[in-house]
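Below you'll find the structure, written out as structure tokens, and then a few comments.
The values are calculated or read from the model by the stated rules, or taken from the named source; none is laboratory data. As the structure is a prediction and not an experimental result, all values here were calculated from the model. No Cβ is skipped: glycine too gets one built from the backbone with ideal geometry, and neighbour counts run over all protein chains shown. These area figures cover heavy atoms from the full protein model, side chains too; ligands, DNA and RNA do not enter into them. Shrake-Rupley method; radii C 1.70, N 1.55, O 1.52, S 1.80 Å.
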Amino acid sequence: MVGLSEGEKHFIRGGIAQDIRTDGRKRLQFRALSVETGVIPQANGSARVRLGATEIIASVKAELGKPSILHPDKGKVSIFVDCSPTAEPTFEGRGSEELSTELAVALQRCLLGGKSGAGAAIDLSSLIVVDGKVCWDLYIDGLVVSSDGNLLDALAAAIKVALSDTGIPKVNVSLSAANDEEPEVDVSDEEFLQFDTSSVPVIITLTKVGRHYIVDATSEEESQMSSAVSVSVNRHGQICGLTKRGGAGLDPSVIFDMISVAKHVSQQFIGVLDSEIAAAEAEADE
């Protein structure tokens with residue numbers, strides 16, 4: 001919990017009302033973004049993303065598994081979040097567990113369309129090897145290393161970058177087995193297929209402070225919010241998911257306006273993220 005004096009609270013709210021935030025940004029302006037890829041060699045893909053003073057490390061591990069009975073033509077993706085106690089004093093003990101669960105559930109809704117995978121922004125059908133028998137299971141881990149607000153957006157960005165860094169081993173399948181037998185698979189150690197992230201969205205959280213809303217809120221700004229709406233948007237401007245937090249209700253017209261703003265801001269953020277990914281990949285190739 002951020003401890004602020006009444007004067008500091010008034011300064012934050014007054015600045016947002018005048019479109020001049022305490023760090024000099026406008027209401028719809030993100031902090032500086034930096035990206036590194038390949039930070040965990042043992043993973044199939046990994047990334048470190050810094051958004052201002054918020055720092056996230058995301059990793060992707062691919063393992064062969066069996067599709068579920070309900071979705072025999074799709075692979076599976078699981079998302080886990082861990083908030084390091086060193087990132088924020090409130091992350092110690094149960095506070096960390098509750099926030100980690102809340103963030104993982106929000107990412108699940110925004111990126112995977114819920115527990116069933118229906119409406120997933122990540123193409124689960126691309127993870128199938130043999131219908132009903134063999135698929136890739138992706139385990140995505142997000143670690144909050146440093147926290148200064150806007151964790152959900154930063155986690156989603158780190159996951160998108162880590163997925164762009166992910167190589168799925170090429171699998172050769174022997175189909176000579178009978179229908180009720182498990183097919184023989186040979187996983188290559190040398191050939192990899194790059195994971196397609198073109199449909200993976202970013203998450204834009206609009207935080208309402210007073211009568212206005214802002215993007216990429218710091219911890220101090222979040223302490224003054226009445227509510228927040230997080231919208232996941234892909235590069236085509238399509239809404240992939242939405243989640244709300246905070247006790248204050250919002251008029252439907254305000255939510256529609258927030259979605260419209262999120263769509264506009266997302267395209268700018270995706271452009272910046274694409275540039276950072278390209279720069280990180282070029283540096284890794286040198």
Could we say that residue 200 is of a type in the set (Val, Ile, Thr) and over 23 Å from the mean Cα position of the chain (by Cα) here? no
Suppose we filter the stretch 11-38 for residues that are under 23 Å from residue 264 (Cα atoms) and in a loop (DSSP other than H, G, I, E, B); how many remain? 14
Which members of the stretch 54-79 meet the condition of being surrounded by 15 or more Cβ atoms within 10 Å (Cβ to Cβ) and aliphatic (A, V, I, L, M)? 56, 57, 58, 60, 62, 77, 79
Only one of (1) under 20 Å from the mean Cα position of the chain (by Cα); (2) surrounded by fewer than 19 Cβ atoms within 10 Å (Cβ to Cβ); (3) of a type in the set (D, E, K, R) fails for residue 148. Which number is that? (2)
Mind checking which residues of the stretch 268-286 are under 16 Å from residue 205 (Cα atoms) and either touching a Pro at 6+ places or on another chain (Cβ under 9 Å) or open to solvent by 70 Å² or more (accessible area, probe 1.4 Å) (or both)? 268, 270
Would you point out which residue out of 7, 3 is assigned to a helix (DSSP H, G or I), among the small types (Gly, Ala, Ser), open to solvent by 30 Å² or more (accessible area, probe 1.4 Å) and within 30 Å of residue 210 (Cβ to Cβ)? 7
Test: residue 105 is free of Cβ contacts under 8 Å to residues at least 24 places away in the same chain, over 30 Å from residue 186 (Cβ atoms) and surrounded by 13 or more Cβ atoms within 10 Å (Cβ to Cβ): yes
How about the stretch 39-95: which strands (runs of 3 or more DSSP E) wholly inside it have at least 2 residues that are basic (Lys, Arg)? 45-51
Just to be sure before I move on: is residue 26 modelled with pLDDT of 95 or more, open to solvent by 30 Å² or more (accessible area, probe 1.4 Å) and over 21 Å from the mean Cα position of the chain (by Cα) in the structure I sent? yes
Which condition breaks for residue 194 when tested against (1) in contact (Cβ under 8 Å) with a residue 40 or more places away in the chain; (2) in contact with a Gly (Cβ under 8 Å, 6 or more places away or on another chain); (3) open to solvent by 70 Å² or more (accessible area, probe 1.4 Å)? (1)
Examine the stretch 246-263 for a residue that is surrounded by fewer than 21 Cβ atoms within 10 Å (Cβ to Cβ), in contact with a helix residue (DSSP H, G or I) (Cβ under 7 Å, 6 or more places away or on another chain) and touching a residue at least 40 places away in the same chain (Cβ under 8 Å), and state whether such a residue exists. no
Quick one: which residue in 82, 131 is over 17 Å from residue 156 (Cβ atoms), at pLDDT 85 or above and open to solvent by 30 Å² or more (accessible area, probe 1.4 Å)? 131
Which ones in the stretch 223-245 are open to solvent by 30 Å² or more (accessible area, probe 1.4 Å) and small (Gly, Ala, Ser)? 223, 226
Only one of these conditions is not met by residue 43: (1) surrounded by 15 or more Cβ atoms within 10 Å (Cβ to Cβ); (2) in contact with an Asp or Glu (Cβ under 7 Å, 6 or more places away or on another chain); (3) not aromatic (Phe, Trp, Tyr). Which number is it? (2)
Any residue in the stretch 26-47 that's under 30 Å from residue 187 (Cα atoms): show its pairings with residues that are hydroxyl-bearing (Ser, Thr, Tyr) at Cβ separation under 6 Å, as long as the two are six or more apart or on different chains. 39/46; 40/46; 40/59; 43/59; 44/166; 45/166; 46/59; 47/37
Being in contact with a helix residue (DSSP H, G or I) (Cβ under 7 Å, 6 or more places away or on another chain) and modelled with pLDDT of 90 or more narrows it down to one of 243, 207, 197, so name that one. 207
Neighbours by Cβ (under 9 Å, 6+ apart or cross-chain): first from the stretch 218-239, closer than 14 Å to residue 264 by Cα and without any contact (Cβ under 8 Å) to a residue 40 or more places away in the chain; second crowded, with 23+ Cβ neighbours inside 10 Å and charged (D, E, K, R): none
Of all residues in the stretch 166-186 being surrounded by 11 or more Cβ atoms within 10 Å (Cβ to Cβ) and among the small types (Gly, Ala, Ser), the one that is modelled with the highest pLDDT: 167
